[in-house]
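The next block holds one structure in the form of C-alpha cells; read it before the comments.
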Amino acid sequence: MFKKILVPVDGSEGSWRALNSAVEIGEKFGSELEVVNVIQPYNNAALLAVPLDHATVSQGNSELEKIGDKVLEMAQERLANYAGKTQFHLEVGHPSERVVALSKKLEADAIVIGSRGLSGIAEFFLGSVSSKVAQYANVPVLIVK
Ligand SMILES: Nc1ncnc2c1ncn2[C@@H]1O[C@H](COP(=O)(O)OP(=O)(O)OP(=O)(O)O)[C@@H](O)[C@H]1O
Ligand SMILES: [Mg+2]
C-alpha cells in the first residue's frame, strides 16, 4: 500500500514533521520517498497589475529557484540515513495543483503532508495547500498535525 510516498515540503516545521512521519511509515513498508517543493513564479496576472521589466522578473524567479533547491537540500540532509530510495522534485506552479499532478504522474500510493506551513497562522487547522491536496488527491492523504 505504501510503495511510494509523496511528501510535499516547504521548509516549515510542519513539513519536517510530515517528513519524519513519512520516514517512520517508509521504514516499515520499505517505501520509496518522493519529496517535492513547489515554487510559485510571478504569474501573468501579477505582471499585468504590476508592470516589471523582464530582467527584474527573471531575477526574482531565479531567486525562487534557489530557495526551492535549498529546501530540497535540507530535505535530502534529513533523509541521509533513510534506507530506501529517495527522489527530489522541484516543481513550478500552483502548490496544491502541482502536488496532486505529481502524485498522479509518479503513481504515488499516499501523500504525507503538514497541516500548516510557512504562513503558520495557528487559528486555522489546515493551510490552503494541505486542505486542497486532501480535497483533490485520488490517493490517501495523511495530514500531520
Ligand atoms: N510550496 C510548497 N511546496 C511543497 N509543499 C508545500 C508547499 N506549501 C505548503 N506545502 C505543504 O503543505 C503543508 C501545509 O502548508 P500550507 O501552505 O497549506 O499552510 P500555511 O502555509 O500555514 O498556510 P497558507 O499557505 O494557506 O497561508 C506544509 O507543511 C507542506 O507539507
Ligand atoms: Mg503555505
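Any read-out appearing in this document is the output of simple, stated calculations on the displayed coordinates, not a laboratory observation. Because the structure is a prediction, the values reported are computed rather than measured. Neighbour counts are summed over all protein chains in view; Cβ atoms, including those assigned to glycine, are modelled from backbone coordinates with ideal geometry.
Please determine whether any residue of region 28-47 is among the small types (G, A, S) and touching a residue at least 12 places away in the same chain (Cβ under 8 Å).
Looking through region 28-47, at least one residue is among the small types (G, A, S) and touching a residue at least 12 places away in the same chain (Cβ under 8 Å).
Let's see how each residue does on (1) on the phi < 0 side of the Ramachandran plot; (2) near ligand 1 (Cβ under 10 Å from one of its atoms); (3) touching a strand residue (DSSP E or B) at 6+ places or on another chain (Cβ under 7 Å):
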{"position": "K3", "(1), (2), (3)": "yes, no, yes"}
{"position": "P8", "(1), (2), (3)": "yes, yes, yes"}
{"position": "S15", "(1), (2), (3)": "yes, yes, yes"}
{"position": "G30", "(1), (2), (3)": "no, no, no"}
{"position": "Q40", "(1), (2), (3)": "yes, yes, no"}
{"position": "H54", "(1), (2), (3)": "yes, no, no"}
{"position": "S58", "(1), (2), (3)": "yes, no, no"}
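Please specify each residue of region 47-71 satisfying the condition of being hydrophobic (A, V, I, L, M, F, W, C) and loosely packed, with under 12 Cβ neighbours inside 10 Å.
Residues satisfying the conditions are L48, A49, V50, A55.
Contact list please: Cβ distance under 7 Å, first residue in region 97-124 and of a type in the set (D, E, K, R), second residue in a strand (DSSP E or B), pairs at least six apart or on different chains.
From region 97-124, the pairs are R98/V38; R98/E91; E107/K4; D109/K4; D109/I5.
Read through the list (1) under 15 Å from the mean Cα position of the chain (by Cα); (2) touching a residue at least 12 places away in the same chain (Cβ under 8 Å), then give the number of the only condition that E73 fails.
It is condition (2) that E73 fails.
Could you list, in sequence order, all residues of region 114-138 that are crowded, with 22+ Cβ neighbours inside 10 Å and more than 11 Å from ligand 2 (Cβ to nearest atom)?
V133 - this is the single residue of region 114-138 that is crowded, with 22+ Cβ neighbours inside 10 Å and more than 11 Å from ligand 2 (Cβ to nearest atom).
Please work out which one of (1) surrounded by fewer than 17 Cβ atoms within 10 Å (Cβ to Cβ); (2) touching a Pro at 6+ places or on another chain (Cβ under 8 Å) is the condition A110 fails and give its number.
Of the numbered conditions (1) surrounded by fewer than 17 Cβ atoms within 10 Å (Cβ to Cβ); (2) touching a Pro at 6+ places or on another chain (Cβ under 8 Å), the odd one out for A110 is (1).
P140 - would you say it is in contact (Cβ under 8 Å) with a residue 12 or more places away in the chain and near ligand 1 (Cβ under 8 Å from one of its atoms)?
Taking the combined requirement at face value, the residue does not satisfy it.
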